[in-house]
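The values are calculated or read from the model by the stated rules, or taken from the named source; none is laboratory data. Predicted model only: the values in this text are computed from it and were never measured. Counting neighbours? That spans all protein chains shown, and the Cβs are built from the backbone with ideal geometry, glycine included. Surface areas here come from the heavy atoms of the whole protein model, side chains and all, with no ligands, DNA or RNA. Shrake-Rupley method; radii C 1.70, N 1.55, O 1.52, S 1.80 Å.
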Amino acid sequence: MKTKTLKKNKVNVITLGCSKNIYDSEVLMGQLKNNKFDVVHESNDDDISTVIINTCGFIETAKQESIDTILQYAQGKKDGLIEKLYVTGCLSERYRDDLRKENLGVDGFFGTKDLPRLLKTLKADYKKELLGERLLTTPAHFAFFKISEGCDRPCSFCAIPIMRGKHESVPIEELVSRAESLANNGTKELILIAQDLTYYGLDIYKKRNLAELLNKLSDVKGIEWIRLHYAFPTGFPEDILEVIKEKSNICNYLDIPLQHISDNILASMRRGTTKKKTTDLLIKIKESVPGITVRTTLITGYPGETEENFQEMLAWVKEMKFDRLGVFPYSHEDDTHAFKLEDDVPEEVKQSRADEIMDAQSEISLELNELKIGKTFKVLIDRKEEEVYIGRTECDSPDVDNEVLIENTAQNLIVGNFYQVKIDSAEHYDLFGHVVE
Ligand code: SF4
């Protein structure tokens, strides 16, 4: 039975899913803090009265994790451990009517654009002037930086436009002032995110305007790294390549999910590109920005994917040697265009194909990491675990890429600072080194 008194104004925000959800949780927390709430993130404190779960509704496994988390806190509410439970985010946006019918003991379901209504329910004022002001959940030295919301792309397998709506770019001036305020609070790395980064500006400037945005952001004092995630291959704005190459504080790094490479599958996925166009673009990117780190994401087991298609993709992965790569087994999502197709690849085959690609990628990653031995890199220290400092080079994004481990150093390294680190050894997904100055 509950012993400790619950603090009426104490709110615990739980974030599931992607970096865009992390961003939204931070905006919500910024609003709550400004309304004098005692707001915490994924806390186990036992005096919390209200829990808000920011859910993910992307694919089956993510949806299940969101439902399990709701049930966990609903049970906590039944046991008197908390008083109020609210659910927001993508799963709620997509299935709120079904979820309501389940009578899970949730006090309210909110969509991805319902922040004002959620705050009103908590008797908090929605302060528009605070837009962009956030309570960071990441270490202060890096921040996810959402430049637009929603997506206008027709990718057949994707439910994100259903949950996030049409593409909306944030004006450059607004983004620059947000970056300045982050830099004033000690942020050194901006991780640019969107559903489709390369679509930036088409709505408000009637042209792809990412290059101009990058130029403006790179002039913000204190920002030492700007990293690009979620680029899209079709209509890729090649003018950004010159900016990436020229600007020393824009990381030679590009995340560009490609999803597949067989022409028939790309056509069915409605990606608007082909194997030749995609390969040519990758060659252009690598030639334009020598040494650039390229990350991609692929899907295995899409409807109609034959063993031949898969072998073609596997061979292409081995040939292209991506620096960073992730794979998702296809998830048959209702209300998407692909849902009309037969989900004809067995789950175990989807998974074994994903595993086979990651096995190949693991060897590629080791081979590329070993080429870094003896070289010195600028490393940002993210944290310290026991006696080991852990950081990243500009080739690595937090949580998804490689890390640099600095062991047994007598020096007192400062988390959030940069150091020159010489690489002594390498493993599949980690580098080991020592500080050289
Ligand atoms: S670009 Fe395609 S895969 Fe990405 S969010 Fe938009 S529709 Fe989904």
(message) Looking at the stretch 52-103 only, could you name the residues that are within 27 Å of S331 (Cα to Cα), open to solvent by 40 Å² or more (accessible area, probe 1.4 Å) and either touching a Ser or Thr at 6+ places or on another chain (Cβ under 6 Å) or touching a residue at least 12 places away in the same chain (Cβ under 8 Å) (or both)?
(response) F58, E60, T61, E65, I67, L71, Y73, E93, R96
(request) Kindly indicate which of S425, S352, S362 is open to solvent by 10 Å² or more (accessible area, probe 1.4 Å), part of a strand (DSSP E or B) and among the hydroxyl-bearing types (S, T, Y). (result) S425
(message) Considering only residues that are under 13 Å from R392 (Cβ atoms) and open to solvent by 20 Å² or more (accessible area, probe 1.4 Å), which ones fall in the stretch 413-422?
(response) V415, N417, F418, Y419
(request) Among the residues of the stretch 238-272, write down those that are touching a residue at least 12 places away in the same chain (Cβ under 8 Å), within 15 Å of the ligand (Cβ to nearest atom), surrounded by fewer than 21 Cβ atoms within 10 Å (Cβ to Cβ) and more than 21 Å from the chain's Cα centre (by Cα). (result) S268, R270, G272
(request) Output the residues belonging to the stretch 158-177 that are part of a loop (DSSP other than H, G, I, E, B), within 13 Å of the ligand (Cβ to nearest atom) and either open to solvent by less than 50 Å² (accessible area, probe 1.4 Å) or of a type in the set (G, A, S) (or both). (result) C158, A159, G165, H167
(message) If a residue must be of a type outside the set (D, E, K, R) and open to solvent by 40 Å² or more (accessible area, probe 1.4 Å), how many such residues does the stretch 273-288 contain?
(response) 2
(message) The conditions are (1) touching a helix residue (DSSP H, G or I) at 6+ places or on another chain (Cβ under 9 Å); (2) in a strand (DSSP E or B), and L28 fails exactly one of them. Which is it?
(response) (2)
(request) Specify which of the listed residues (T198, T187) is open to solvent by less than 10 Å² (accessible area, probe 1.4 Å) and either of a type in the set (A, V, I, L, M) or more than 14 Å from the ligand (Cβ to nearest atom) (or both). (result) T187
(message) If E180 satisfies all but one of (1) in a helix (DSSP H, G or I); (2) within 14 Å of the ligand (Cβ to nearest atom); (3) open to solvent by 60 Å² or more (accessible area, probe 1.4 Å), what's the number of the condition it fails?
(response) (2)
(message) Looking at the stretch 1-40 only, could you name the residues that are within 29 Å of E60 (Cβ to Cβ) and of a type in the set (A, V, I, L, M, F, W, C)?
(response) V13, I14, L16, C18, I22, V27, L28, M29
(message) Take residues that are among the polar types (S, T, N, Q) and tell me which of the strands (runs of 3 or more DSSP E) falling wholly in the stretch 36-102 contain 1 or more.
(response) 48-55, 84-89
(request) Please give the number of the condition R208 fails out of (1) open to solvent by 10 Å² or more (accessible area, probe 1.4 Å); (2) outside any helix (DSSP H, G or I); (3) without any contact (Cβ under 8 Å) to a residue 60 or more places away in the chain; (4) away from the ligand (no atom under 16 Å from the Cβ). (result) (4)
